[in-house]
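Below is one structure, written out as structure tokens, with a few remarks after it.
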């Protein structure tokens, strides 16, 4: 903490000149004698400041406009920083309000307010359609049309702010639904000035690159964890041994995961002697819940348990964004199919395992 305190002293003493930015925060006085932290968007600590009488101040210079994070106990907010700007953070409001007298923060607030109003209007329209007993198909069609309008608004704001940090932030917010391929996100990164420095965009791009490495038709990538007996085990302990391997990423807290378990148990019992190995990959779970679920669903096929605190896990390697995620790997290690579920999974797996 000494390092942080030394960093904070100049910030407390400095005034806001034409070549400096200044961030003044107001928080609940219950946070007095704790620290506010100024961080990059990659969570790297730049400065800290002791909170006193519900106030804290940061001041410094930046070489160019930047996106920073301010952490205050359990609260945090994004701040757009430009030299010469006096930025006010009011953490007594929910959501936290950050203003800067006509700068990027105020502009961003206006965009977010507009998005919130449009989203609320869509929800209200959906509620009225449900009350009127509209058909599910008609509700889906109307919702799609409304969300298309909202997405057009996102695209317009990215274009309007392509030369400032707001464009990069909105691109990061919408990358998954609007620009879901490497080609698309790379193309947008060449248009939006600050995209290549944005942590969220770059993390998403890394996910897409990893997904490309583990897509259907590629050779499997190995990873490890613990067996039900607590011994080190790897995916390669099962793949490449002459059998098809059905891999199920799951967790005890996931209802849809547990809904698929009877199907997996059936496949295991029916096809294990015909060339199929089912392997569960338990992620983001604790050992007690993990083993309790195995007992409840009478699961006796192998498991790779990856404790919740492990960051570099199999789900990240395979770019699994939702569970259950079930994939079939051929005897030679080639990934045949990802995203298998339900009856379609049952049929597909049996066809592959039993074909001649």
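Residues in segment 262-284 that are more than 13 Å from residue 302 (Cβ to Cβ) and within 28 Å of the chain's Cα centre (by Cα): 283, 284. A single entry from 235, 276, 271, 294 fulfils the requirement of being touching a strand residue (DSSP E or B) at 6+ places or on another chain (Cβ under 6 Å) and in the same structural domain as residue 339 (by TED's automatic domain parsing): 276.
Annotation: residue 282 fulfils all but one of (1) touching a helix residue (DSSP H, G or I) at 6+ places or on another chain (Cβ under 8 Å); (2) more than 25 Å from residue 352 (Cβ to Cβ); the unmet one is (2). Residues that are touching a residue at least 12 places away in the same chain (Cβ under 8 Å) and either under 22 Å from residue 103 (Cβ atoms) or not in a helix (DSSP H, G or I) (or both) within segment 149-158 comprise 153, 154, 157, 158, listed in sequence order. Candidates 87, 51: the one that is farther than 29 Å from residue 158 by Cβ and buried (at least 18 other Cβ atoms within 10 Å of the Cβ) is 51.
For residue 162, the conditions (1) surrounded by 11 or more Cβ atoms within 10 Å (Cβ to Cβ); (2) at pLDDT 95 or above; (3) assigned to a helix (DSSP H, G or I) all hold with the exception of (3). Taking the conditions (1) farther than 25 Å from residue 341 by Cβ; (2) touching a residue at least 60 places away in the same chain (Cβ under 8 Å); (3) surrounded by 14 or more Cβ atoms within 10 Å (Cβ to Cβ) in turn, residue 245 satisfies each one other than (1). Within the span defined as segment 213-234, one or more residues are free of Cβ contacts under 8 Å to residues at least 40 places away in the same chain and under 29 Å from residue 184 (Cα atoms). All of 255, 225 fail the test of being modelled with pLDDT under 95 and surrounded by 13 or more Cβ atoms within 10 Å (Cβ to Cβ), apart from 225.
Of the helices (runs of 4 or more DSSP H) lying entirely inside segment 177-291, those containing at least 3 residues that are closer than 22 Å to residue 346 by Cβ are 255-271.
The values are calculated or read from the model by the stated rules, or taken from the named source; none is laboratory data. The structure displayed is predicted, hence computed values, not measured ones. Cβ coordinates were reconstructed from backbone atoms using ideal geometry, including for glycine residues, and neighbour counts include every protein chain displayed.
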